[in-house]
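What follows draws every value from the coordinates through simple rules; no lab data is involved. Source: prediction; values computed, not measured. As a convention, Cβ positions derive from the backbone with ideal geometry for all residues, glycine included, and neighbour counts pool all protein chains shown.
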Amino acid sequence: MMEQVPTPALSELPGYPRLVDALLAVRATEYSPIAAHVCATAAGWVYAEHPGAVATEMVRRLGLEGVRCEEIVLHNDVMLVASTAILLQSACGRLGILCYRGTEPRNLMNWKVDFNVQPMFVPMRAGDAGEEAMVHLGFHRNLHATWHEVRRALGRALEGQSVDGRADGRLRPMEALYVTGHSLGAAMAALAGVYLATDAVESKHFRRKLRGIYTFGQPMVGNPQFAAVCDDDPLLRDGVFRHVYRHDVVPHLPGLPYGRFAHFGRELRVRSGPGWHEHPRNAAQAPDIILSMFVVPVLGYWATQLGTMRKLARLGYSWYDHLPHFYIEASAPRCSR
């Protein structure tokens, strides 16, 4: 049975006038608060039981009417794969949003993917600088498990066809593409952005279409050499926007005992005022496993719930701050909070 989404009042629609035009006008390395809000909304609601239908309805409330959606799902427990992606296509066909679903708290396989940390070699188009570039095996395997179907849907969008395969002669070829996700989905979005921007074949089709990779609560996806190669690419250095909400622990993972990992792109954080602000330093790796991943973040969670433990919120890491609705709220226009 289809999951029911409450219908908003007419006064709530649309959230943004001429939203498609606004997103098409964004330059490749230009940060857009509107794009951040739309992407955060899609990344949060893709966790729903029917991710495509619910995420489509939620972006419709923001002003994207008539969105088409292709939902791609593949789970294989033995292969440690739990991959879900949706590709949203505007009514005119000119705008695409590729969104990956993150770690589901009740899904043990998602957690196994997260902890499948063994690094693997990934060829980068950067000469000798990329020879030692390594990425998180679980994230990479999860991305490529569904990449063939994702690529087919993106190809249809490029040709002015409906992403869901249905005939529609009114569509125009895709001109702008955003890639997004939260948590595990953010890691997959970051790797997808790297692939679309640097792969010898894919970059010919998609590099100029990319308007931004907007990630929320993203863990590190590769070693320092991989991050350095990405930061040498102007599109990845300036067009990857990593949002870190307050004391969210996940951007500090994998922890140092798993080996050296590093972030690339631009990091944005919530300060005392409204909205996101660029941070001068990337989130550093957590120094250990037990304290940094379990003890301190769990205490940080309860510190937000119990008045007697509020002082513990200063410990630095929290699982509570990783929840996607915080990222949506922080991205929303001030007048709508």
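Some values worked out for this structure:
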| read-out | value |
| --- | --- |
| Theoretical gain in end-to-end length, Arg334 to Ala25 [0.36 nm per residue, Cα-Cα removed] | 109.0 nm |
| For segment 233-290, size of Cβ-based charge dipole, Lys and Arg +1, Asp and Glu -1, in debye | 120 |
| Computed FRET value (nearest 0.05) for Ala91 with Ala200, which takes r as the C-beta separation and R₀ as 30 Å | 0.35 |
